[in-house]
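Here is the structure we will look at.
Read the figures in this text as sums done on the coordinates, not as results from a lab. Just so it is clear, the structure is predicted and the values come from calculations on it, not from any experiment. Here the Cβ is made from the backbone with ideal geometry for all residues, glycine too, and neighbour counts use every protein chain on show.
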Amino acid sequence: MLTLFSYPDLFGVADNNPYGLKIYCFLKLCGLPFRPVHILDTKGAPRGQLPYIDDDGQIVGDSEAIIAHLIGSHRLMIDQNLAPEQRRLKLLLGRLLDDLYWVMSYSRWRDDDFWPAFRDALLKAHADLTSEALGKAREYNFQRYYFQGIGRYAPQQVYARGVADLETLAELTPDQGFFFGANATSLDAALYGFIANIHFFEIDTPLKRFVDARSNLVRHCETLHRLAA
């Protein structure tokens with residue numbers, strides 16, 4: 001059986017990382033049987049990153065590469081009806097989500113206002129975690145943020161960037177149905193991976209306040225949450 005390796009769950013969300021949750025939702029939408037395995041040690045993962053899959057011995061990392069592999073290998077029809085302009089928009093929004101990722105991660109690991117709540121939630125949910133291990137992970141993330149660039153800005157500047165990303169998503173997300181109509185696509189799975197990791201988290205960040213005030217984002221997220229249950 002196909003195995004999905006991803007980070008642990010949190011606050012009722014199957015993966016507290018948006019990329020792993022994206023693949024989890026994608027597999028559920030496609031009805032493809034799989035075994036989820038939650039891990040923290042990424043040393044054995046392709047490029048040292050989660051998520052990755054083991055598909056009958058074929059190891060594939062990177063969420064977009066995973067989706068492309070699964071569509072091709074399992075002849076999945078989820079994106080078959082997308083028009084060229086819809087495929088271009090899907091690519092552009094995927095890049096926007098990559099930008100939003102850094103702000104989401106910063107709000108959890110870097111911001112002293114929210115880090116204690118995130119740390120304590122992880123420790124409460126997962127007995128195998130320790131404060132020492134999370135502290136080391138935090139130090140590592142500080143380095144990532146510095147070299148990526150986001151760690152060199154004040155928090156209000158960081159969140160202004162994330163809210164701008166979310167404003168674009170809110171303007172484009174429909175009030176009914178899925179992003180491109182009546183049927184869900186891989187873009188809906190990607191949006192869910194990110195928005196669910198803001199909406200369902202019990203940490204009152206500027207990102208969560210924005211999402212929870214946008215009924216279309218909440219409706220879309222909760223619809224996908226039910227489908228991915």
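Worth pointing out:
- Counting Lys and Arg as +1 and Asp and Glu as -1 over every other residue whose Cβ lies under 12 Å from the Cβ of ILE53, the net charge comes to -3.
- For the chain, the dipole from Cβ point charges (+1 on Lys and Arg, -1 on Asp and Glu) about the Cα centre works out to 220 debye, to the nearest 20.
- If you run the Gaussian network model on the chain, springs between alpha carbon atoms under 10 Å, then out of SER215, SER73, SER105 the most flexible one is SER73.
- Three-way shape call for segment 128-179 based on the alpha-carbon gyration tensor, with the a/c threshold at 1.5: oblate
- Residue (of TYR153, THR42, GLN86) at the positive-pole extreme of the chain, dipole from beta-carbon charges: GLN86
- Separation of segment 1-70 and segment 132-156, taken as the distance between their Cα centroids, equals 24 angstrom.
- Pairs from the list LYS28/LYS136; LYS43/LYS124; LYS28/LYS208; LYS43/LYS136; LYS28/LYS90 with a Cα-Cα gap above 27 Å: LYS28/LYS136.
- Computed over segment 1-139, relative contact order equals 19 percent, with contacts defined as Cα pairs under 8 Å that lie 6+ residues apart.
- Estimated 222 nm signal from helices in the chain, with DSSP H stretches of n ≥ 4 weighted -39500 (n - 2.57), rounded to 500: -19000 deg cm²/dmol
- Two-site label geometry, ILE59 and PHE142: point separation in nm, points 7 Å out along Cα→Cβ: 3.1
- Largest to smallest principal axis extent of the C-alpha atoms in segment 1-150, angstrom: 45, 34, 27
- Note on CYS221, CYS30: ascending count of other Cβ atoms within 10 Å places them as CYS30, CYS221, the fewest first.
- Within segment 2-74, DSSP assigns beta bridges of which about 60% are antiparallel (rounded to the nearest 5).
- ³J(HN,Hα) computed for each position of segment 104-113 - Karplus, 6.51 cos²θ - 1.76 cosθ + 1.60, integer Hz, glycine/proline x: 4, 5, 4, 5, 8, 9, 9, 6, 5, 6
- Pairwise FRET efficiency - ARG95 versus THR42, Cβ, R0 = 25 Å, nearest 0.05: 0.60
- Taking every DSSP beta bridge that has both ends in the chain, the antiparallel portion is near 65%.
- In order along segment 178-191, the Karplus-derived 3J(HN,Hα) couplings, from 6.51 cos²θ - 1.76 cosθ + 1.60 at θ = phi - 60°, round to 10, 4, 10, x, 7, 10, 6, 10, 5, 5, 4, 4, 5, 4 Hz, and Gly and Pro are given as x.
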